[in-house]
Amino acid sequence: MNTINKEIQTKLSIEEIKQILKDGNERFVKNTTMNRDLLSQVRETSTGQFPHTVVLGCIDSRVTSEQVFDLGIGDSFNTRIAGNIVNDDILGSLEYSCKVAGAKLILVLGHTRCGAVTSACQGVELGNITGLLSKIKVSVDKVRSNVEDVTENESVNLVVNENVLNSMNEIRNGSEIILEMEKNNEVAIIGGVYDVENGVVTFLD
């Protein structure tokens, strides 16, 4: 597959980019990923980058978006933070990715059995982790109102979904730049949840 360049980035539609991610995840799950010349892609992207997607994901070691979506070097920006939460630095990174560098799709990617979400459900307080987990609390509270025990695995995964949706809203509420781009159909914001047991990404758009 060719390395993405400015011409390809410009021509790709948002729907085509969504399909690239879906097809890539299907190949990943089936273990039929593309055979890429990564060193060639290193050379081809050495003078510039034109990613079509920016992924806001968790730091979890099991969820690396290039592998999960069978992407090559230069295809995507990756912003990773525990619990795929949103803060000012994340918003700035997303704004750069889209407004300056031309990415057309923002994917907020959560995952099952998320340690950050589990800790938030358990009310963990520890150093700087406390402030980070507080950003997940709104999702915990929403799920807690409908379940008996928010710390059970099934309930935690419900919070994972809610947390993805909440981060999507936080992006819209926190960035006038991205909100305007979304209104103009220059960028789309979608969500997804990766299943750590089977590798499947379920999209929430």
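Here, each number is a calculation from the coordinates, and none is a lab measurement. Because the structure is a prediction, the values reported are computed rather than measured. Cβ atoms come from the backbone with ideal geometry, glycine included; neighbour counts cover every protein chain shown.
Data for the structure
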item	result
Distance in nm between pseudo-label sites at residue 202 and residue 173 (7 Å out along the Cβ direction from Cα)	2.5
Long-range HN-HN contacts of residue 187 with modeled amide H, under 5 Å	182
³J(HN,Hα) computed for each position of region 76-83 - Karplus, 6.51 cos²θ - 1.76 cosθ + 1.60, integer Hz, glycine/proline x	8, 8, 9, 10, 10, 8, 3, x
Shape of region 88-205, Cα gyration tensor, a/c cut at 1.5	prolate
Cα shape, the chain, gyration tensor, a/c 1.5 rule	prolate
Antiparallel DSSP beta bridges within region 54-205, percent to nearest 5	15
Interchain or long-range residues, amide H under 5 Å from residue 111's placed H	194
Helix-only mean residue ellipticity at 222 nm for the chain, each DSSP H run of n ≥ 4 adding -39500 (n - 2.57), per residue, nearest 500	-13000 deg cm²/dmol
Residue-by-residue Karplus 3J(HN,Hα) for region 151-162, coefficients 6.51, -1.76, 1.60, Hz, glycine and proline x	8, 5, 3, 4, 5, 4, 5, 5, 5, 4, 4, 4
Given charges at Cβ of Lys, Arg, Asp, Glu: region 6-203 dipole, positive-most of 194, 129, 96	96
